[in-house]
Amino acid sequence: MELRDVILPIEIVVCLLVTWPLVRQLAFEPFRYKLPCKAAQRIALLIGYFAFIAAVAVFAPVLLHFGAVLALGILLYERWRARPSYGRGSGLPPGSLGVVPRNHERDPYHFEKLIAKYGPIFKFNVEFHPYIYIASHKRALKFLRENDDVLIGAAQPISAGIPKGFVRYMPAQTHTKYRRILLSGISTDVIDDASPMILSAVRAKLLQICEEGCRPANGGVLIDDNLRELIFPIVLAVFFGVRPDTPQFDQIESFFADIDTRRETCGIEDRRIRAMNGMSDWIRARIDEFAKDPDAAPSCFLKSLADRQDAAALDATVRGNWVAMVEFATVDIIGLLQWLVKMLIDYPEWAERLRQEQGAHGDAPDWGEDSLAGRIVKETLRLERSEFLTRKSTKDVWFEGYRIPKDWSIRIGIRENNRDPETFDRPTEFDPDRFLGKEYSLEEYAPFGLFRHNCIGAAFASTVGRIFVTELGTGFDIQPNGEWTTQYVPPHWRPRAGFRLGLKARAA
Ligand code: HEM
């Protein structure tokens, strides 16, 4: 055998090894599901690259010497950057910038392990992009306050459909004005007015699931589809005063089918912008309707907004943000409800407690913030769903002796901080009673965010969650079809998609 016959396969392997991070990412099903277009582009890239290497190996093997040297250089550079001490001389914190492995997608406790390994500030990599992680709410609050003027959110695609972007990603200069306007519409009176409607919608949906006779033996019903059918109409009623079975509802639903942030399918950007513009025009017309006959206008967030702001203030940025809020409200509340169902399945003793305590209230269930339902919602949010905040700095900043480079992303760990053993006894245990008679400060518990961009929909989300968990826990026996495991679908951990369950109404 000639030396060439030994070297050629080695060179091919080295050239192929550089594709390992892409192959590993494409093997990850949630990535293909969430970003099908990006996945298709990357598969095409890989196939093209493999074909190219094969062609070079057959027709110009000498070129593989250069290719292999280059590939080896890339692999060594990746490992060199992966050293935890990389960049220490220039002030970077410890931590690996290695592109592989991507353990945050596979291990829900990944960041807790990194905190234990590197301390509260460290660097890591996601998707070839460097991040700085900051642990502890107290430290994160200090960081956000000290650097308020240079921090921006890491904008998501929906921002492209709004002239000045989605409020969550705005810099301080524009954020203060737009947050104030938007917040003026999110009225607690509207939420209180809507509570009976939310209750009857929840009750009707749960009964419908029961009536479908969906015992686990029959496979049960798909929980995700049912939660969307429940929550989207509630959100439209609360934001716009629009009820199902009206032409307006159908029109809005078709706009939101194109806005959908759950999957970034090919060509969605253009469809989304068109739909957001369509919704923005619809909102303007709706506000005009309210102005013509204020007394006939239904109680809703948009009516509150129109009552409290001049028409001139409700520009395309406010209207675009209103549309984005409807989308995120729907997605976020569904996310919370998925976890609430899972918690009642995993901890049936709390469903039993709920039944006993609500039994004492007769026909007037108590779903106040301090009720057991309220504590179940708080404890669910402490452990799940709310995971992190992301920021970018517009210039290099120093914090606690470390340099945070311009344009790197900054991840503030909400999930890990909400499980801080210094604040919470038995931090990973599901114990709603830890909220009994106890208020935690923002430095201890912050599922709805910290400082400037904290959630403006917290009261609404929590109300829906409390009503839902009360109805489900007290009125029904949950019949899960097998074990409900979890999965990472960027950017959240969630109970696994495609899960089916049955419900059985309890005798009154
Ligand atoms: C359980 C459900 C929800 C959770 C866990 C949640 C969580 C959060 C968190 C952690 C933030 C802070 C983001 C940051 O600082 O980067 C946030 C911001 C925000 N949330 Fe929520 N949210 C939920 C529901 C809602 C709902 C129902 C609405 C709409 C009514 C909403 C609207 C917003 C908006 C507009 C912001 C940005 C505020 C600003 O930048 O000033 N959220 N949310």
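The values are calculated or read from the model by the stated rules, or taken from the named source; none is laboratory data. Owing to the predicted nature of the structure, the values given are computational and were not obtained by experimental measurement. Every residue, glycine as well, gets a Cβ built from its backbone with ideal geometry; the counts of neighbours run over all protein chains shown.
Is at least one residue of segment 464-474 within 11 Å of the ligand (Cβ to nearest atom) and assigned by TED's automatic domain parsing to the domain that holds residue 351? Yes: segment 464-474 contains one or more residues that are within 11 Å of the ligand (Cβ to nearest atom) and assigned by TED's automatic domain parsing to the domain that holds residue 351.
Evaluate segment 325-348: report whether one residue or more is at positive phi, in contact (Cβ under 8 Å) with a residue 12 or more places away in the chain and in the same structural domain as residue 462 (by TED's automatic domain parsing). No; the residues of segment 325-348 include none that is at positive phi, in contact (Cβ under 8 Å) with a residue 12 or more places away in the chain and in the same structural domain as residue 462 (by TED's automatic domain parsing).
Return yes when residue 447 is touching a residue at least 60 places away in the same chain (Cβ under 8 Å) and either of a type outside the set (A, V, I, L, M) or in contact with a helix residue (DSSP H, G or I) (Cβ under 6 Å, 6 or more places away or on another chain) (or both) and no when it is not. Against the criterion (touching a residue at least 60 places away in the same chain (Cβ under 8 Å) and either of a type outside the set (A, V, I, L, M) or in contact with a helix residue (DSSP H, G or I) (Cβ under 6 Å, 6 or more places away or on another chain) (or both)), residue 447 qualifies.
Only strands (runs of 3 or more DSSP E) whose full extent lies in segment 373-431 are considered here, and the ones with at least 2 residues that are within 11 Å of the ligand (Cβ to nearest atom) and out of contact with any Leu (no Cβ under 7 Å at 6 or more places or on another chain) are 388-393, 409-413. Looking across segment 267-293 at every residue that is acidic (Asp, Glu) and more than 12 Å from residue 240 (Cβ to Cβ), the one that is surrounded by the fewest Cβ atoms within 10 Å (Cβ to Cβ) is identified as 293. No other residue among 362, 401, 368 is at pLDDT below 95 and either at positive phi or not assigned by TED's automatic domain parsing to the domain that holds residue 331 (or both) apart from 362.
In the condition set (1) more than 12 Å from the ligand (Cβ to nearest atom); (2) in a loop (DSSP other than H, G, I, E, B); (3) free of Cβ contacts under 8 Å to residues at least 40 places away in the same chain, residue 155 is compliant with all but (1).
Look at segment 188-211: where a residue is surrounded by 15 or more Cβ atoms within 10 Å (Cβ to Cβ) and a partner is among the aromatic types (Phe, Trp, Tyr), sitting 6+ places away or on another chain with Cβ atoms under 8 Å, you get 190/301; 191/460; 202/468; 206/476; 210/476.
Counting the residues of segment 349-365 that are without any contact (Cβ under 8 Å) to a residue 12 or more places away in the chain and either within 14 Å of the ligand (Cβ to nearest atom) or among the charged types (D, E, K, R) (or both) gives 3. Within segment 357-366, does at least one residue satisfy the condition of being touching a strand residue (DSSP E or B) at 6+ places or on another chain (Cβ under 9 Å) and either of a type in the set (Asp, Glu) or crowded, with 22+ Cβ neighbours inside 10 Å (or both)? Within segment 357-366 (the criterion being touching a strand residue (DSSP E or B) at 6+ places or on another chain (Cβ under 9 Å) and either of a type in the set (Asp, Glu) or crowded, with 22+ Cβ neighbours inside 10 Å (or both)), the answer is no, since none of the residues qualifies. Residues in segment 37-86 that are loosely packed, with under 11 Cβ neighbours inside 10 Å, of a type in the set (Val, Ile, Thr) and under 22 Å from residue 4 (Cα atoms): 58, 62. Among helices (runs of 4 or more DSSP H) entirely within segment 211-294, having at least 3 residues that are among the β-branched types (Val, Ile, Thr) and touching a Phe, Trp or Tyr at 6+ places or on another chain (Cβ under 6 Å) singles out no element at all.
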